[in-house]
Structures are given as structure tokens and as C-alpha cells.
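**Student:** Take this structure first; my questions come after.
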Amino acid sequence: MKKPIIELDAIQKYYGDYHALRGITATIREGEFFSLLGPSGCGKTTLLRTIAGFEGLSSGVLKIDGRDMAGVPANKRPTNMVFQSYAIFPHLTVEQNVGFGLRRDPRSRDDKARAVAEALAMVGLAGYGRRAAHALSGGQRQRVALARALILKPKVLLLDEPLSALDKKMREQMQVELIKLQRQVGITFILVTHDQEEALVMSDRIAVMFEGQIAQLADPETLYRRPNSRQVADFIGTMNFLPATILSETPDRIEVEVAGLGRCAIDPAQAPGAVTGGPASVGFRPETLTILYEGQVANDRETGGTVEEVVYFGDMTYYDVKLDGVDQPVRLSMRNVFGRPVLDIRTRTRVAWSPGALVLFR
Ligand code: ATP
């Protein structure tokens, strides 16, 4: 396993009385693409700024590359930050912007020019060096900001919502470019985002944060398939919930009665969260339920319901179905590979499901 580059141990941060970080413990590894994901105000930017050294800690230990960062100012840390607002100088040229960080570097002018050209090529801006920064598009400015950060060869690049000012198409393009860039340079990237899709697409691992704490730290697939709480499940993609009653429990299986689905056995690995003592429920993703065509048989289990809403999305169709015995409809999604089931609102339908796709929250 790669060695730790950032070690956070019981980090607390107060702004006056306000408790912004409430005991953050995590290890980020060398070469990892790591994301801090959470709703506005959960403390992700505060945590990033703490790592960068723009904010002090109230308590806890932060190590970067094995060194305690207490008392180490931002400019002496092996980190560099790329901001949402680009923070490039509009009156300078692209190469002046990128070379800005090297102004105190003892290298010769030629060596610096080579480094600037290399950094520009890395972000896909070869040949743009003489352009005026103010004449660039949003995506190009973001690349300049990236090149300027990378030219200093930090061990860790900190990215605070770097793509949020871009339109959807550009953002998706830059996401792919950032992943490629990170693989190419091999340094650790820590990305702050409130966009769960962005985090899932880009990250090796994600820390989901709520109210100053890490609620779950895992790879994207685990977060998606085995969220450890309803709150995480709800924040990542769409999750349906149905009330459930736990009938019996052994180390190998949990017998549950699920409203609208009936009785089934759940593997304890599908109950990854802590026992809260609240009412139990099961969650499942929209794509794990399937509308059955006339004459089609379910691979596993089957139940009945009434279609309440059909929403066509081109490649996908969403169906809101009220399962028999449940008041709230659940959302199903199906890929329109072979056309789509023609279902009118308020028609009866059969639905295939599988106990293996359920997650139990209790
Ligand atoms: P956003 O996505 O909106 O930036 P965030 O998760 O990054 O949210 P932070 O910016 O880390 O959240 O802020 C966490 C909390 O700390 C917020 O309630 C914020 O108001 C508060 N906060 C942040 N900076 C300061 C400050 N300098 N002084 C006082 N409170 C602050």
C-alpha cells in the first residue's frame, strides 16, 4: 500500500463559539485522488484550508509527509491550492501567470521558460503562453491556474471546487482531464466538492462530511452500494427507502419484513451502518428494480404495483411506482436499450427485485 501523505488526527476547529470541525481523523495516501464531499457549510473548505495552512487548528495533529505541520506556515508546506475563482492575474499573459510562482526561484530564465512550457503542455495549453489571461475562456483560465500550481511541484494539490464556475459540458470535460492529469503527474489531489457525481467520477476515495464530521470514508462503489447511513445514502445519488421490521438476526443473516416487498433474508454486509435504535428501513437504488414486460419472469423475486409517473430521459426512463401496501411511490430507472416498456400512468405493473440489492438501516 502507498505511504500516507496526509495524516489527520482528531482535528478540531472553532471559529469563536462555532465548532466547524468536530474530530476529523483520516489518512490520505500518496498519489490518491481524494475528495471531500458534503453539503454547504459542512466544513470541507475549512478542512482543506487547514491542510494548506491558511487556518490554524484548535486541537489535533496534522502531518504532511510524516512531518507535524504545527507552526509551519502555508508557504513552507509541500502543498498548493487551486481556487474556485481561478485567482489568475488578468493583466498578465498566460506564461507570466504560470511563471509567477517561480519568481524567486534561482533557476535560469531559460530553465524557467522550459518549466512554464512544460506545465502549459501538461494542461493542454501548449502555444497559449503569449495570450493575455483576460482573453481566455473559463475552462482555459482554470487550466492556467492548474499549471501555475503544478509548476511548483507540490506533493499535494488542493482543489477547492475548481470546476464549479464552468458550465455542465465544460465541467464534465475538465473532470476527465483532471483525472488524466493526476495520473500523469502522480501527486496527491484533494478535491473539495458538493457535487456527488463529480466526486464519484473522479475519486479513488471520498470522505462524506456532515456538520464538521466525516460520516463515511470509502471508495465510490462502496459509498454508492453500501452507504452506512440514510443521510449518506440520500446525499449520494437517489435511494428509495421502505419501512422494514427485523424479525430475527444471526451473525449470517438478518430476516426482515419489508413493506411492499415482503419477507426476505439480508446478509449482514448489507447492513453497514451503526445500530441507531430508530425504526428500521431498507434502501435500494432505482436501477435495482425492474419493470417486467407481459410474460417476462423475474430472475429472483417479484412484486406488484401501480405506475404513478413516467419520465423519459432519452437513454433512461424513470418510473414512480406505488408498490402494493406502501403509500409512497418508489423510483425505478431502466435503460432504454431495446425501447422502453409502454406503460401509462395508473396502470398495474409487475416489478422484479432482489434481496441482494437492499441495504438495511436500523
Ligand atoms: P461551502 O461549500 O458552502 O463552502 P463548506 O462545507 O466548505 O461549505 P466551510 O466553508 O468549511 O463549509 O464552513 C463551515 C462552517 O464554518 C460554516 O458554517 C461557515 O459559516 C463557518 N466558517 C467558515 N469560515 C469562517 C470564519 N472565518 N469565521 C467564522 N465562521 C466561519
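Computed from the coordinates by the stated procedures, all read-outs in this text should not be read as laboratory data. These numbers were taken from a predicted model, which means no experiment stands behind them. Note: ideal-geometry Cβ built from the backbone for every residue, glycine included; neighbour counts use all protein chains shown.
**Student:** Quick one: Karplus J couplings for the stretch 23-38, per residue in order, coefficients 6.51, -1.76, 1.60, θ = phi - 60°, nearest Hz, x for Gly and Pro?
**Tutor:** Along the stretch 23-38, the couplings run x, 9, 10, 6, 10, 10, 9, 4, x, 7, 9, 10, 10, 9, 10, x Hz.
**Student:** Amide H neighbours of Asn336 under 5 Å, counting only residues 5+ apart in sequence or on other chains, H built in-plane at 1.01 Å?
**Tutor:** Met316, Thr317
**Student:** By how many degrees, 0 to 90 and rounded to 10, does the Cα axis of helix 168-185 deviate from the longest principal axis of the chain?
**Tutor:** 60 degrees
**Student:** Taking 0.36 nm per intervening residue step and subtracting the Cα-Cα distance, what contour gain separates Asp68 from Leu343 on full extension?
**Tutor:** Values: separation 275, 0.36 × 275 = 99.00 nm, distance 6.18 nm.
Gain on extension, Asp68 to Leu343, equals 92.8 nm.
**Student:** Along the Cα-to-C-beta direction of Ala126, a point sits 7 Å from the Cα; which residues of the stretch 139-169 have their amide N less than 18 Å from that point?
**Tutor:** Under 18 Å, as judged by backbone N against the label point of Ala126, lie 143-144, 147-148, 151 of the stretch 139-169.
**Student:** Say R0 is 45 Å: what FRET efficiency, to the nearest 0.05, do Asp324 and Phe54 get from their beta-carbon distance?
**Tutor:** Details: r = 56 Å, r/R0 = 1.24.
Result of the calculation: an efficiency of 0.20.
**Student:** Under unit Cβ charges (Lys, Arg +1; Asp, Glu -1), what dipole magnitude, rounded to 20 debye, does the chain have relative to its Cα centre?
**Tutor:** Working: 45 positive and 42 negative charges, 345 e Å.
Taking the Cα centre of the chain as origin, the dipole is about 1660 debye.
**Student:** May I ask for the distance between the Cα centers of the stretch 79-147 and the stretch 17-44, given as a whole number of Å?
**Tutor:** Comparing the Cα centres of the stretch 79-147 and the stretch 17-44, I get a distance of 29 Å.
**Student:** Could I ask something else about it? Please state the shape class of the stretch 1-86: rounded when a/c is under 1.5, otherwise prolate if a/b exceeds b/c and oblate if not, all from the C-alpha gyration tensor. Present the calculation step by step, with values, prior to reporting the outcome.
**Tutor:** Details: a/c = 1.35, a/b = 1.24, b/c = 1.09.
Because its axes are fairly even, with a/c under 1.5, the stretch 1-86 counts as rounded.
**Student:** In degrees, nearest 10, range 0 to 90: what is the angle between the Cα axis of helix 138-150 and the longest Cα principal axis of the chain?
**Tutor:** Compared with the principal axis, the helix lies near 60 degrees.
**Student:** Between rounded, prolate and oblate, where does the stretch 238-362 land on the alpha carbon gyration tensor, with a ≥ b ≥ c its root eigenvalues, rounded for a/c under 1.5, else prolate if a/b exceeds b/c? Working shown, then result.
**Tutor:** Values: a/c = 2.04, a/b = 2.00, b/c = 1.02.
Note, shape of the stretch 238-362 comes out prolate.
**Student:** Using DSSP to define loop residues, name the chymotrypsin sites (Phe, Trp or Tyr not before Pro) in the stretch 311-362 whose beta-carbon has at most 12 other beta-carbon atoms within 10 Å.
**Tutor:** Values: sites: Tyr312, Phe313, Tyr318, Tyr319, Phe338, Trp353, Phe361; in loops: Phe313, Phe338.
Answer by residue number: Phe313, Phe338.
**Student:** From the phi of every residue in the stretch 211-227, what ³J(HN,Hα) in whole Hz does the Karplus formula 6.51 cos²θ - 1.76 cosθ + 1.60 yield, where θ is phi - 60° and glycine or proline is x?
**Tutor:** Taking θ as phi minus 60°, the curve returns 6, x, 10, 8, 7, 7, 10, 6, 6, x, 5, 4, 4, 6, 8, 10, x Hz for the stretch 211-227.
**Student:** Next question. May I ask which of Lys44/Lys153; Lys2/Lys155; Lys44/Lys168; Lys63/Lys180 have a Cα-Cα span longer than 20 Å here? Please list the in-between numbers first.
**Tutor:** Numbers: Lys44/Lys153 24 Å; Lys2/Lys155 14 Å; Lys44/Lys168 22 Å; Lys63/Lys180 27 Å.
Where the Cα-Cα span goes over 20 Å, the pairs concerned are Lys44/Lys153; Lys44/Lys168; Lys63/Lys180.
**Student:** Using modelled backbone amide H atoms (1.01 Å from N, in-plane), which distant-in-sequence or interchain residues come within less than 5 Å of Glu308's amide H?
**Tutor:** Distant-sequence amide H within range of Glu308: Asp320, Val321, Lys322, Arg346.
**Student:** Between Leu48, Leu332, Leu92, where does the largest GNM mean-square fluctuation fall for the chain, given springs only between Cα atoms within less than 10 Å?
**Tutor:** Comparing Leu48, Leu332, Leu92 in the GNM, the peak value goes to Leu92.
**Student:** Find which of Leu159, Gly101, Ala149 sits farthest along the positive direction of the dipole of the stretch 4-225, computed with +1 on the beta-carbon of Lys and Arg, -1 on that of Asp and Glu, about the Cα centre.
**Tutor:** Gly101
**Student:** Right, here's the next one. Treating only the Cβ atoms of Lys and Arg (+1) and Asp and Glu (-1) as charged, compute the dipole magnitude of the stretch 95-238 about its Cα centre; round to the nearest 20 debye.
**Tutor:** Values: 22 positive and 18 negative charges, 142 e Å.
Using Cβ point charges on Lys, Arg, Asp and Glu, the stretch 95-238 gives about 680 debye.
**Student:** Now for a separate question. What length, rounded to one decimal in nm, is gained on full extension from Thr222 through to Ala265, with 0.36 nm per residue of separation minus their alpha-carbon distance?
**Tutor:** On the way: separation 43, 0.36 × 43 = 15.48 nm, distance 2.06 nm.
Length difference between fully extended and current span is 13.4 nm.
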